[in-house]
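Colleague: Submitted below is the structure of interest, expressed as structure tokens.
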Amino acid sequence: MAIKYRMYQSTREGKFKNYWYARPVVDTTIGVRALAERISDRCTVTESDILAVISALVKELAYELKSGRRVKLDGLGAFKPSFHCMGCKERKDFVVAKNIRSTHVIFQPETHKSGPHTMSKYLLEGAKLEEVTAVKPEDKGKAEPALP
């Protein structure tokens with residue numbers, strides 16, 4: 001189990017042209033049904049009960065975000081609503097429908113102090129990294145169907 005990455009060389013003009021960087025490679029997506037099945041294997045809750053709870057959680061999360069609230073799930077992180085806004089020179093010229101665009105959700109993973117000046121992301125703590133050189137055509141874009 002490792003986070004895969006691929007190396008690439010920057011072509012941007014400037015000081016960092018031709019520098020080498022690593023870029024994460026995500027080649028598959030696990031869906032809620034597969035997660036529910038794995039969770040049910042670890043405890044006494046049935047897969048259908050887990051799916052029902054996740055479905056209710058998604059609805060409640062959406063309700064709270066639309067109400068302008070931040071939602072914290074202990075051990076996972078926090079979700080908060082946000083949007084992109086175009087500025088205008090005069091306050092009187094500001095129109096919500098024109099200046100506020102693209103509402104979205106910001107996710108902040110839970111962190112904890114792992115050293116004197118270091119914060120670790122709980123979800124990725126201890127993750128290993130592995131370089132990949134090519135993605136197999138049959139693996140590209142693989143995904144599980146979403147929960148209806």
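The values are calculated or read from the model by the stated rules, or taken from the named source; none is laboratory data. Everything numeric in this text was worked out from a predicted model, so none of it was measured. All Cβ positions, even for glycine, are placed from backbone atoms using ideal geometry, and neighbour counts span all protein chains on display. Note: accessible area is taken over every heavy atom of the protein model, side chains too, but ligands, DNA and RNA are not part of it. Shrake-Rupley method; radii C 1.70, N 1.55, O 1.52, S 1.80 Å.
Colleague: Chymotrypsin sites (Phe, Trp or Tyr not before Pro), restricted to the stretch 1-92: which are DSSP loop and have at most 15 other Cβ atoms within 10 Å?
Modeller: Hits after loop and neighbour filter: PHE16, TYR19.
Colleague: Calculate, for the stretch 8-89, the solvent-accessible area per residue in square angstrom, rolling a 1.4 angstrom probe over the heavy atoms of the protein chains.
Modeller: With the other protein chains kept in place, the stretch 8-89 gives 79 Å² per residue.
Colleague: Quick query: amide H of GLY31 versus all other amide H atoms, modeled in the peptide plane; which residues come in under 5 Å with a sequence gap of 5 or more or a different chain?
Modeller: GLU144
Colleague: Using r as the Cβ-Cβ distance of ILE3 and PHE83, and R0 as 30 Å, what FRET efficiency do you calculate, to the nearest 0.05? All intermediate terms of the calculation are to be shown ahead of the outcome.
Modeller: On the way: r = 30 Å, r/R0 = 1.01.
FRET efficiency, ILE3 to PHE83: 0.50.
Colleague: Is it possible to state the helix-based mean residue ellipticity at 222 nm for the chain, with each DSSP H run of 4+ residues giving -39500 (n - 2.57), the sum divided by total residues, to the nearest 500 deg cm²/dmol? What is it?
Modeller: Here the helix-only value at 222 nm equals -7500 deg cm²/dmol.
Colleague: Once the other residues with Cβ under 15 Å from the Cβ of GLY87 are scored (Lys, Arg +1; Asp, Glu -1), what is the net sum?
Modeller: Here the charged neighbours net out to +3.
Colleague: Separate question: Going 7 Å from the Cα of ALA62 along its beta-carbon direction, which residues of the stretch 15-35 have the amide nitrogen within less than 17 Å of the resulting point?
Modeller: Within reach of a label on ALA62, which here means backbone N under 17 Å from a point 7 Å along Cα→Cβ, the stretch 15-35 contributes 32-33.
Colleague: Could you pull out the trypsin sites (Lys or Arg not before Pro) across the stretch 92-132 that fall in loop regions by DSSP (anything but H, G, I, E, B) with no more than 15 other Cβ atoms inside 10 Å? Show your work: numbers first, answer last.
Modeller: On the way: sites: LYS92, LYS98, ARG101, LYS113, LYS121, LYS128; in loops: LYS128.
Sites meeting the loop and neighbour criteria: LYS128.
Colleague: Hey, any idea what % of the chain's accessible area is carbon plus sulfur with a 1.4 Å probe?
Modeller: The nonpolar share, carbon plus sulfur, comes to 57 percent.
Colleague: Which whole-Hz ³J(HN,Hα) couplings does the stretch 5-22 yield from phi under the Karplus relation 6.51 cos²θ - 1.76 cosθ + 1.60, θ = phi - 60°, glycine and proline marked x?
Modeller: Here the 3J(HN,Hα) series is 9, 10, 7, 9, 10, 5, 10, 5, 6, x, 4, 9, 4, 6, 6, 9, 9, 9 Hz.
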